[in-house]
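Novice: The structure under discussion is supplied below as structure tokens; questions concerning it will follow.
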Amino acid sequence: MFAAYGVSGQVFRGTLEDMQRVNGLTRARPARAHDREDDTWALQNLQATAPDAPSEKAVRAYRAMLPREIERGPLYHAGQIMQRKVICVHVNDDVEKAWRTLRAINIKQAPVVDDAALLVGMVGEHDLLVALHLGTDQGMALLARRIGDVMRTPVITAEAITDIRRIATAMLNNKLDGVPVTAELGRLVGYVSRTDILRAVVADPPLSLWR
């Protein structure tokens with residue numbers, strides 16, 4: 001389940017398919033299907049088409065040599081891979097302070113929260129650079145620019161129980177680097193980045209992502 005939060009609170013809540021029909025939130029892209037062949041099918045095909053089909057004893061010996069798939073448990077939800085300690089900036093912080101925060105911990109963007117610690121937007125390096133550049137010709141006006149003036153809002157979020165494959169789809173469709181994870185009323189509880197998803201896919205032990 002996905003939601004979108006802005007300065008006025010929740011502006012959308014629904015499925016990925018519903019979100020794709022809401023103007024201003026998503027831009028749908030066609031998906032490509034993937035075919036998959038497993039070892040069992042390959043062995044059966046080998047027996048059926050090979051000019052000198054291997055004996056049953058040879059097949060058993062071959063199967064015994066194959067590495068056994070170790071079932072480590074399925075990985076389905078954002079809550080299982082999300083970052084729980086999320087660096088945020090306040091909607092009333094000045095642009096320069098937010099820039100220093102991002103640079104100090106080497107991150108590209110950060111969620112924006114209000115006085116109630118509810119998510120209201122996202123701000124990234126590009127947003128801040130534009131604001132800082134505009135401020136150079138305005139003298140002290142730069143000091144008056146707040147995050148609320150330059151942040152992106154509303155922002156797409158997911159619930160902790162959302163399938164990470166659907167989060168990956170939303171990220172691809174909307175060219176997002178990550179998706180905040182929220183609870184009731186837009187309370188920020190985590191963040192899922194592209195790196196988090198890639199790390200889960202390549203992690204050892206293997207994870208049953210595609211069941």
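The numbers here are math on the coordinates, done by the rules we state, and not lab data. Keep in mind that what you see is a predicted model, and the values were worked out from it rather than measured. For neighbour counting, all protein chains shown are included, and Cβ atoms are generated from backbone atoms with ideal geometry for every residue, glycine included.
Novice: Of the listed peptides 93-106, 154-167, 114-127, what is their order by residue-averaged count of other C-beta atoms within 10 Å, with the highest listed first?
Specialist: Per-residue Cβ counts within 10 Å, averaged per peptide and sorted highest first, yield 154-167, 114-127, 93-106.
Novice: Hey, another quick one. Place the peptides 190-202, 171-183 in order of packing, highest mean first, counting for every residue the other Cβ atoms within 10 Å and averaging per peptide.
Specialist: Top of the packing list down: 171-183, 190-202.
Novice: Let me ask something else. By how many nm would the segment from Asp18 to His126 lengthen if fully extended, with 0.36 nm per residue of separation less the alpha-carbon distance?
Specialist: So the extension gain works out to 36.0 nm.
Novice: What nm value, rounded to one decimal, do you get for the distance between His133 and Asp177 when each label is placed 7 Å out toward the C-beta?
Specialist: It works out to 1.6 nm between the two label points.
Novice: Under 23 Å from the Cα of Lys97, which lysines turn up, not counting those fewer than eight places away in the same chain?
Specialist: Partners within reach: Lys85, Lys108.
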